[in-house]
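The values are calculated or read from the model by the stated rules, or taken from the named source; none is laboratory data. Bear in mind that the values here come from a model prediction, so they are computed numbers and not experimental data. No Cβ is skipped: glycine too gets one built from the backbone with ideal geometry, and neighbour counts run over all protein chains shown.
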């Protein structure tokens, strides 16, 4: 006999952790620097892996871009999620792409960096 609550019906789903909800590919929906308006023509991709790494690449209008990759640490204290990317490999204008406060709701991810840069990401969908 199992303890009450230990056995679950196959139809029941356990809630996913924040890290589990982050895993996958995200496309950049908007980028606003220094608390300003969203920049036109910005494109990007962020990848979160199950083992705790992140890779981000962003191209701003005019071709200026930046990228970073490294281990990603999440701190879920007090209702907010703080992301810290350590041992970063960064290329180009990567300021504001890594560390910051995350807001995660369904298929939208918002990163607000200490510099005021705000990136809004949407979960990537496979193109067929």
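Looking only at residues in region 107-128 that are part of a loop (DSSP other than H, G, I, E, B) and touching a residue at least 12 places away in the same chain (Cβ under 8 Å), the one that is surrounded by the most Cβ atoms within 10 Å (Cβ to Cβ) is 117. If I ask for residues that are out of contact with any strand residue (DSSP E or B) (no Cβ under 6 Å at 6 or more places or on another chain) and not in a loop (DSSP other than H, G, I, E, B), which ones from region 49-71 would you list? Passing the criteria: 61, 62, 63.
If a residue has to be touching a helix residue (DSSP H, G or I) at 6+ places or on another chain (Cβ under 7 Å) and assigned to a loop (DSSP other than H, G, I, E, B) to count, how many in region 32-48 make the cut? Total meeting the criteria: 4. Selection over region 84-96 of residues that are closer than 21 Å to residue 43 by Cβ and either modelled with pLDDT of 75 or more or loosely packed, with under 14 Cβ neighbours inside 10 Å (or both) gives a count of 3.
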